[in-house]
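Novice: The structure is given below, and queries will be raised subsequently.
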Amino acid sequence: MPVFNTTRRSRFVVVVATTLLLLAFTAIAAASCGSSPASTGYKPPAAADYSKLTWTQAFQKLQAKISREYAFTEWKGIDWNDLYKKYQPVVSRAAASKDKNAYYLTLREYINELRDGHAGVKPDDMTVYQALAGGGFGLIVTKLDNGQVVPPG
C-alpha cells in the first residue's frame, strides 16, 4: 500500500508541476502576443497593391517584397531564387495565354511552398477551386492514442 501512495503522490506532483508550467508558458505567450510593435521593435510589412501591373510584373514585385520581408526565411531555409526560377516561367506562360486559372493556381503553389498556414492568396478564388475540386466540405478527424482515427463527437 505505501508503494501505491508514493506512486500516486508522485503522479500528482508531476501533474501539478506540468499544469503550473503550462499556465506559466501560456501567460508568457499571451503577454508576448499582446505586446505592442513599439515594445518589440517589430514593424509589420506595408501592404502592396499590384493590381495595376501585368501578372509577370506583379509576380516580380511579390517575389522581391516577400523575399525581403518574410519573417521565417532563414528558419525555414527558403531559397527565394530557386522559387522564382521555378514559378516565373509558369507565371509568364499563364500571362501569355491570359489564363487566369493557371495564374491563380501558380500563385497558390508558390505560396504553399512556404508551408505556412498564415500565408495565402486572397481573395481565395472559389470559382477556380470549385472547377478543380467540385466544391468541398469540412471534415475533421482525430487520431486516438490507440491509432484509431475517428470523427469528433
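Novice: Scan segment 35-54 and tell me whether some residue there is part of a helix (DSSP H, G or I) and at pLDDT 90 or above.
Specialist: Narrowing segment 35-54 to residues part of a helix (DSSP H, G or I): 37-40.
Filter once more, keeping what is at pLDDT 90 or above: none.
There is no residue in segment 35-54 that is part of a helix (DSSP H, G or I) and at pLDDT 90 or above.
Novice: Here's something else I'd like to know. Find all pairs meeting these conditions: Cβ atoms under 7 angstrom apart; at least six residues apart or on different chains; first residue within segment 105-121 and modelled with pLDDT of 90 or more; second residue β-branched (Val, Ile, Thr) and not in a helix (DSSP H, G or I).
Specialist: Leu107/Val121; Ile111/Val121; Leu114/Ile78
Novice: Within the set of pairs 6+ apart or on separate chains, which have a first residue in segment 65-82 that is touching a residue at least 12 places away in the same chain (Cβ under 8 Å) and closer than 14 Å to Asn112 by Cα, a second that is part of a helix (DSSP H, G or I) and hydroxyl-bearing (Ser, Thr, Tyr), and C-beta atoms under 6 Å apart?
Specialist: From segment 65-82, the pairs are Trp80/Ser67.
The values are calculated or read from the model by the stated rules, or taken from the named source; none is laboratory data. Predicted, not measured: the structure shown is a model, and the values here were computed from it. So basically every Cβ, Gly included, is an ideal-geometry build from the backbone, and we count neighbours across all protein chains shown.
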